[in-house]
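Working notes for the structure below.
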Amino acid sequence: MSYPIETVRHSLAHVMAAAVKKLHPEIKFAGGPAIENGFYYDFDTDYRFSEEDFEKIEREMRELIKSNGRFEQRIVSLDEAKKLFHDQPYKMEWLNEYDAAGEALSIYTFRDFTDLCRGPHVESSKDLPRDGFKIRAVAGAYWKGDSKNKMLQRIYVDAFASKDELDSFLKMQEEAAKRDNRKLGREMDLFHFEPEFAPGAVFWHDKGYKIYRRLIEYMRARQERAGYVEVCTPGVMDRSLWETSGHWEKYGAHNYSGKTEDGRMFCIKPMNCPGGVLIYRNELRSYRDLPLRMAEFGKVNRYEASGSLMGLMRVREFTQDDAHIFCAPEQMEAECIDTLKLILDIYKTFGFTDVKIYLSTRPEKRIGSDEIWDLCEKSLANALTAHGYAFEINPGEGAFYGPKLEFILRDAIGREWQCGTIQVDMNLPERFDISYIGEDGEKHRPVMLHRALFGSIERFMGILLENHAGNLPLWLSPEPVVVVPVSEKYREYAEKVVADLRGAGVYARADLRDEKVNYKIRELSMAKTPIIAVVGEKEQTDKSVTLRRLGVESQDVMPLDAFVAQMVDAIKMPL
RNA sequence: GCCAGUUUAGCUCAGCUGGUAGAGCAUCUGAUUUGUAAUCAGAGGGUCGUUGGUUCAAGUCCGACAACUGGCACCA
């Protein structure tokens, strides 16, 4: 009998729990669901699991599977359940909750291990693969996901229906690790980090910064076409600004701030919004000005928790492709839809078609009335459904000042990262008391939308690099062409080729080092150079170039003029 | 921030049970003038993350701190 893979994974989680119980009888069990690519189980014990335990646990699991144990379900009364789990505090907490919610208490027994569990499970462990799983890691995880609770030990396991599937998964993960943004950053000479001097901050090298600027240039062009204006606001402002905005209270500890000689408290901006609001507020606005779409490529600094930093994906200093849309309430939904379309269209030009969308709704700690939350959440949901976009609700994950849409992209190994976002803000307009004069001559409060498409240039570039394995499209490539003369006799011609390209606005350079062509080809290929133009006697005489494109073994010969013209076209932004 | 692991040359990594550091690539110098994924030879380069401790002796053992990696929490 074959079962859905989730059932297999979940059953394996019970097998692991049984195995761990055998090895550590005193252990307390929390819970162990199936997840993407496998499962985990959370345990609580003074014993510290480490990699050395993995093999032991796996061996024990195989033994248990071999024994063809059955998974027996029973529905029990609260009293019986309490008796069963009296020495299992985490299970006790669950069963009280289930009972309070009026749920039947279902238990499953496999060998010596009885778990409070809804199932479903396989019938017998003979339905489980003996070699389709492998323990991946042990990690800390808070009980019920709350950092106020005790940290448990979570054992992650990759699990598939067969060894072949597991092996191909592991192989894929291994391949994906080669596309890690940190690795590519080094290999392609794009950026580096200085953990000693600036943990979580990027040092952009020439080539990396070329990509970075290109991304901004592209976004700027798209925004101008979409009716945005662009502003630039100060990076350091008086702390009172953040107190007014309400961010100091909530995020004060994550800000960089300091006192100046005159005793004022300044703060390095952690977000751009108040700056934009001050520009809005600088003059009397009319309903005719709305919607006012105000973009800013703002560099922000946030003191992120040390454990959250991760290559380009999570940094402490980054540039947002931020914008604030000031609009009348009745314009809000249309603005959301336009922004949504813009985001997805731009993602498509970067090759991202599989974009997950979350609608994050009101959190517990929030400001604003429930009526306004209703309205804002509804407009976002309407914008999505009216245009047929699938999305998931992320309950309670909204910002304290309003609900938000999150646009999620995945990195090389499948982790999800929020990139784009659209957020409705009912806080700042109020706090900064901004208004516009309506048709009726009266003051009205505008609605403010925050939106970012890339989110952070840093993170977006990380995702982009990983998804393309460093092989960027020509228009984004920092060095689309490198010219390689076959010997020093052809340096002059190589430099002419470079001059022609640069003259036409195509960045190129010549590799004039005293090395063999083979050597240069290898090195340039590893640095992901898209096009290598080799020139020698023949090319010099014919005024041509011989081209080798990344990942393509065959070469083609082209007149230099035609090549330059082709490149001019190839590096154009896909607007 | 929390849990676990890691930290040796610019990069990738070796260094067994403690006896004062190695390789390949890169760099520099010389030779070579190269036709599509590594030309040959030589040289230089490390207070072994920082800091305490144990020891006659610490890269190696113990502690603290920092950074990084994988998770958890957080993510305006």
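What follows is calculated from the coordinates using simple rules that are stated; it is not laboratory data. Keep in mind it's a predicted model, so treat the numbers as computed, not measured. Neighbour counts are summed over all protein chains in view; Cβ atoms, including those assigned to glycine, are modelled from backbone coordinates with ideal geometry.
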Cα-Cα pairs of segment A:207-352 separated by more than 21 Å (percent): 55
Under the helix-only model (-39500 (n - 2.57) for each DSSP H run of 4 or more, divided by the residues of chain A), the mean residue ellipticity at 222 nm, to 500 deg cm²/dmol, is -11000 deg cm²/dmol
With the cut-off at 30 Å, tell me which of the pairs A:Lys28/A:Lys148; A:Lys144/A:Lys299; A:Lys171/A:Lys572; A:Lys134/A:Lys178 have Cα atoms farther apart than that. A:Lys144/A:Lys299; A:Lys171/A:Lys572
Rounded to one decimal in nm, the spacing of the 7 Å Cα→Cβ label points at A:Asn382 and A:His86 is 5.9
Looking at chain A, send over the antiparallel percent of its DSSP beta bridges, to the nearest 5. 85
Rank-order A:310-322, A:422-434 by packing density, defined as the average count of other C-beta atoms within 10 Å over each peptide's residues, highest first. A:310-322, A:422-434
What ratio of Cα Rg to 2.2 N^0.38 Å holds for segment A:1-121? 1.05
For chain A, alpha-carbon Rg and Dmax in angstrom: 29.1, 94
Which one of A:Trp204, A:Leu428, A:His254 is farthest out on the positive end of the charge dipole of segment A:185-464, using unit charges on Cβ (Lys, Arg +1; Asp, Glu -1) and the Cα centre as origin? A:Trp204
Whole percent per 10 Å bin, from 0 to the bin with the longest distance: what is P(r) over all C-alpha pairs of segment A:441-550? 13, 35, 23, 12, 7, 5, 4, 1
Which order results if A:Lys520, A:Lys150 are arranged by neighbouring Cβ count within 10 Å, fewest first? A:Lys150, A:Lys520
Electrostatic dipole magnitude of chain A [Cβ: Lys, Arg +1; Asp, Glu -1; Cα centre; debye, to 20]: 840
Entries in A:Lys210/A:Lys528; A:Lys341/A:Lys365; A:Lys207/A:Lys356; A:Lys150/A:Lys404 that, when Cα-Cα distance is taken, lie over 20 Å: A:Lys341/A:Lys365; A:Lys207/A:Lys356; A:Lys150/A:Lys404
Förster radius 45 Å - calculated FRET efficiency between A:Lys171 and A:Lys365, Cβ distance, rounded to 0.05: 0.50
Cross-link partners among aspartates and glutamates for A:Lys82, C-alpha distance below 20 Å, same-chain residues fewer than 8 apart left out? A:Glu26, A:Asp44, A:Glu72, A:Glu93, A:Glu97, A:Asp99, A:Glu103, A:Asp112, A:Asp115
Whole-Hz Karplus ³J(HN,Hα) for segment A:191-198, in order, using 6.51 cos²θ - 1.76 cosθ + 1.60 and θ = phi - 60°, x for Gly and Pro? 6, 8, 10, 10, x, 6, 9, 8
Arrange the peptides A:474-485, A:284-295, A:546-557 so that the one whose residues have, on average, the most other Cβ atoms within 10 Å appears first. A:474-485, A:284-295, A:546-557
Sequence gap at least 6, Cα distance under 8 Å: using those rules, report the relative contact order of chain A to the nearest whole percent. 10
Inter-label distance for A:Ile35 and A:Asp556, nm, one decimal - labels placed 7 Å from Cα along Cα-to-Cβ: 4.7
Could you tell me the relative contact order of segment A:184-322? Use alpha-carbon pairs under 8 Å, at least six residues apart, and round to a whole percent. 26
